[in-house]
Amino acid sequence: MGVEPMSSVIRYCSETKTKEPVSCPAVIRTYNANMGGIDKSDMLVHLYRNPMKCKRWYMRMFAYVIDVSLTNAWIMYRQDCKALGVNGVKSFRIQVFRAASNQWPVKSSSRRSSSSLVESVTVADPQPVPNVAVRFDPSLFHAPVHANRLTCKYCSRKGNIVRSNVVCRVCKVHLCMNAEHNCFVSYHEEFD
């Protein structure tokens, strides 16, 4: 395969604004006939690239192989399931990720015990804000108690993210107490 046999193809000429016949080598004609799938695959890969960025070339290569594999799997899935109403590339990638992540159990490392791993994964249930009557009742003993370090509720309402390990015993709300500001007192005296 080479330049010969030459054939003629119709191309648009921007100078004359008409379609004109142009001589085309056999190699170019074969390339154009078979290149459509590669161009489409590259386009679909670059639509939703893996956001993993790193300096190591083999990690970039690994991410690219994952992207190409998912894109090719989606193309095959789309060809096989035309009657089912095929999802887009993005939703297909999310479905594959969810299926893969649910399939493998999380293994604990040798440095952590299984109980500490479970504690770090569990999320605390959101606690309701105490009633205004309870919050400002002087007869109740609102004492600060030490607990796990969480965000101060009084500071977070004002846009500051401050973490505190002080909790009101009655209200069950994390509030900060330090030399700069005392949210514990402000929370129980000021009405927001």
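Quick note: the coordinates plus some simple rules give every number you see, no bench work behind them. All values derive from a computational prediction rather than experimental measurement. Cβ atoms come from the backbone with ideal geometry, glycine included; neighbour counts cover every protein chain shown.
Summary table
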read-out	value
Among N160, F136, H188 the positive-end extreme of the charge dipole of the range 132-189 (Cβ point charges)	N160
Debye, to nearest 20: dipole size of the range 37-103, +1 on Lys, Arg Cβ, -1 on Asp, Glu Cβ	300
Residues in the range 171-192 that a label on D137 would reach, taking backbone N under 14 Å of a point 7 Å out along Cα→Cβ	171-172
5 angstrom amide H check on S164, placed H, neighbours 5+ away	L150, T151, C152
Per-peptide average of other Cβ atoms within 10 Å, ordering 162-174, 132-144, 4-16 highest first	162-174, 132-144, 4-16
D42-S156 FRET efficiency (beta carbon distance; Förster radius 45 Å; 0.05 resolution)	0.45
Interatomic Cα distance distribution for the range 8-54, bins of 10 angstrom, percent	21, 28, 28, 16, 8
Stokes-Einstein D for the range 132-189, Kirkwood Rh over Cα pairs, 20 °C, 1.002 mPa s (µm²/s)	189
